[in-house]
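*Asks:* I am attaching a structure below and will ask some questions about it afterwards.
Readers should treat all values here as calculations from the given coordinates under stated rules, not as data from a laboratory. This structure is a prediction, so every number in the text was calculated from the model and none was measured. Here the Cβ is made from the backbone with ideal geometry for all residues, glycine too, and neighbour counts use every protein chain on show.
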Amino acid sequence: MMSRVAKWRRGGAPEGDRRIVSVADWRRPGVRRTLRTIHGVTLVFLFIVGMGPLLWLAKSAITPTQDTLRTPMALWPHGFDLSYLVTAWTQTHIDRYFMNTVWIVVGCWLVQITVATTAAYTLSILRPRFGNVILGLVLATLFVPSIVLLVPLYLTVVNVPFLNISMIDTFWAVWLPAGASAFNIVIMKRFFDGLPHEIFEAARVDGAGPFRLFWSVVLPMSRPILGVVSVFAVIGEWKDYLWPLLVLRNPDLQPLSVRLPTLQSSTQLDIFLAALLISSAIPIALFLLFQRMFLRGSGLSGAIKG
Amino acid sequence: MPKRRGMRTWVSRDGLSTLVFLLPLLIIFGVFSWFPIGRALVMSFQETNLVSPPTWVGFNNFVNVLSDPLFGTAVSNTLYFMLLALIFGYPIPLVLAVVMSETRHFKGLYSALAYLPVVIPPVVSVLLWRFFYDASPNGVFNSILGWVGLGPFPWLQDPGTAMPSIVLEATWAAAGGTVIIYLAALLSVPPELYDAAEVDGASIWNKIWHVTLPHLRGILLITLILQFIATAQLFTEPYLFTGGGPANSTTTVLLLIYHYAFQNSLGGDYGMAAALSVMLAAFLGIFTAVYFWLTRSWSTSS
């Protein structure tokens, strides 16, 4: 069964459209009525639970504070005003924190992609003699819950071994540790393992060296998996809170996620809610753009990373 | 496999470039993964304060943690959290996935709606829900419940309801991911089994009970383990909702680690934090090992 799930996740055809309810079941009016009701109720439930909080946030981000406090569930008792979004963006430095988040995410993405592609290329295609030992050491880190690393990783960043420098209050403190994702390497290597090795042989015969093979053959063939790893890297880093909170103490460098809780006490409610809306905009946009990617392969990847 | 050996001899002529390709992995994992893992173990037996050189203190850190009155509170709070997360969050995604897999229209809409809360940044969700949980009668949830004559409830303000409130939000934020896993697993049930069941005159309910659920047994166990591992490590939710209060009713093991290391007025007690981390890791390691044992066919099939 597992392998069948895996096969499906790798893009193979699903097992046909046949499900629990058969055509004969559907023909019975009682069954049909019950199922339609269940499906309708489920859709309404999902809409309220999944969209409700967001819609409320969107509404409250453009209504006055007093309305939100006194009658939080009223639609627009005293009209709405898009200027709260503008105020949030310009006057509370949300623009700066937003750009900090963007910088952090871009750097983390670059480090993650670099480590994952080069590592998977070596372990899957170049296959050095000691490759399995290294792969084993990488896989072993999957067994260690990330939280265990919190304190020692923090101390490592405070005083980087051999270099004796501190990365605290630099983006490097967030960028570099992000690369140590065994999960990225595993899925990237699995994809590389599935590439046709004859092509690499042909490239070698044509005189391509390891670098050329990597850059001009393997990477262009890996666009699908690069997309998957990228989208999850971006969303994951956008959501991160605890680690940037620890290593970026200077408010001028902090990303949105770290600033929002502090902003709450110093900002008017309507402006604050507008800020919340702004910081969810990018992840939601990415989700809507790449829905298929999320709804197909996300579950497991998201779960293991935790 | 001669092909592979061919690649290897090619490489051995150029071991240097192999090393270059391995460098990012070796440096990043060496400095930010392998070294800190080793250090966590070493630190748990040391007294470290970053100023004076660390000294070996044997099992003192572990003894200090175990004799901390907050340790028992944190462990029982974490277990309570895991139990509540199980009650709230375990059956709902399964029911949703079974219903959703039977829809004929708007399939994409159902799963998009279910998954949407997962992509919202946790900080945003928590701050938003903290506002929803306003204990005054004008709070969002209290207004809604007021329409049907319930409440107002104290939500996060009361030691009795604080933890369930946190778990409710955490469940909302995570359930979509589990739904997607179940939807994929439901596709893998061989259709012949349903046909066979129908020949025996099985009703829809019979088919769910005797075909679908037995077939999902493996994946149900996996999501159970994943949920245990994830809930034991939640930080953002209890930290931002309540900071451990009221009256330490939501202090989890993770908040305690954070407290030891980063919130101590006398300077961080990194040794105690490391000792507690190692204990948590050992406990979770059991679950992780079972998880990888169950999913081993995924990583080897390729």
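*Asks:* Between B:W205 and B:A247, what is the FRET efficiency for a Förster distance of 56 Å, r being their Cβ-Cβ separation, to the nearest 0.05?
*Replies:* Working from the Cβ atoms, E equals 0.75.
*Asks:* Taking only C-alpha pairs under 8 Å that are 6+ residues apart, what is the relative contact order of segment A:172-297 in percent?
*Replies:* Relative contact order of segment A:172-297: 22 percent.
*Asks:* Between A:A24 and B:L193, how many nm apart are label points set 7 Å from Cα along the C-beta direction?
*Replies:* 2.0 nm
*Asks:* Can you give the average number of partner chain beta-carbon atoms within 10 Å of each beta-carbon in peptide B:282-290, as a whole number?
*Replies:* 2
*Asks:* Rounded to whole Å, give me the distance from the Cα center of segment A:141-160 to that of segment A:214-265.
*Replies:* So the two Cα centres are separated by 18 Å.
*Asks:* Let me know the charge dipole size of the protein assembly as shown about its Cα centre in debye, to the nearest 20, where only the beta-carbon of Lys, Arg (+1) and Asp, Glu (-1) is charged.
*Replies:* It works out to roughly 1980 debye.
*Asks:* Counting other Cβ atoms within 10 Å, keep those with at most 14, restrict to DSSP loop, and tell me which chymotrypsin sites (Phe, Trp or Tyr not before Pro) in segment A:120-174 are left.
*Replies:* In loop regions of segment A:120-174 (DSSP not H, G, I, E or B), the sparsely surrounded chymotrypsin sites (Phe, Trp or Tyr not before Pro) are A:F130, A:F162.
*Asks:* Please compute, for peptide A:118-130, the average count of beta-carbon atoms on other protein chains lying within 10 Å of each residue's beta-carbon.
*Replies:* 5
*Asks:* Is chain B best put as rounded, prolate or oblate by its Cα gyration tensor, with a ≥ b ≥ c the root eigenvalues, rounded for a/c under 1.5, and otherwise prolate when a/b is larger than b/c, oblate when not?
*Replies:* oblate
*Asks:* Between B:F88 and A:V106, what is the spin-label point distance in nm, taking each point 7 Å from the Cα along the Cα→C-beta axis?
*Replies:* 3.8 nm
*Asks:* Zone of A:M99 (label point 7 Å along Cα→Cβ, backbone N under 14 Å): which residues in segment B:100-127?
*Replies:* Of the residues in segment B:100-127, none has backbone N under 14 Å from the label point off A:M99.
*Asks:* Between B:K107 and B:V290, how many nm apart are label points set 7 Å from Cα along the C-beta direction?
*Replies:* According to this spin-label approximation, the distance is 3.3 nm.
*Asks:* How much FRET efficiency would the formula 1/(1 + (r/R0)^6) give for A:V133 and A:V158, where r is the Cβ-Cβ distance and R0 is 35 Å, rounded to 0.05?
*Replies:* Working from the Cβ atoms, E equals 0.70.
*Asks:* By average Cβ neighbour count within 10 Å, what is the ranking of B:208-216, A:106-114 from highest down?
*Replies:* A:106-114, B:208-216
*Asks:* Hey, how many Å between the Cα centroid of segment B:107-160 and the Cα centroid of segment B:62-94?
*Replies:* Their Cα centres are 22 Å away from one another.
*Asks:* Follow-up. Grab the DSSP H runs of the protein assembly as shown that are 4 residues or longer, score each as -39,500 (n - 2.57), total them, divide by all residues and round the 222 nm result to the nearest 500 deg cm²/dmol.
*Replies:* Mean residue ellipticity at 222 nm (helix-derived): -21500 deg cm²/dmol.
*Asks:* Mind checking B:98-105 for the average number of partner chain beta-carbons within 10 Å of each residue's beta-carbon?
*Replies:* 5
*Asks:* Under a GNM of chain A (C-alpha, springs under 10 Å), which listed residue has the highest mean-square fluctuation: A:V157, A:V115, A:V23?
*Replies:* Of the options given, A:V23 has the highest mean-square fluctuation.
*Asks:* Compare the peptides B:137-147, B:123-133, A:30-40 by average per-residue count of other Cβ atoms within 10 angstrom and give them in order, highest first.
*Replies:* B:123-133, B:137-147, A:30-40
*Asks:* Then there is this: Assuming R0 = 25 Å, what is the FRET efficiency of A:W172 and B:Q263, from their Cβ-Cβ distance, to the nearest 0.05?
*Replies:* 0.50
*Asks:* Of B:D200, B:D269, B:D158, which has the largest mean-square fluctuation in a 10 Å C-alpha GNM of chain B?
*Replies:* B:D200
*Asks:* Could you put A:T68, A:T87 in order, starting from the residue whose Cβ has the fewest other Cβ atoms within 10 Å?
*Replies:* Exposure proxy ranking, most exposed first: A:T87, A:T68.
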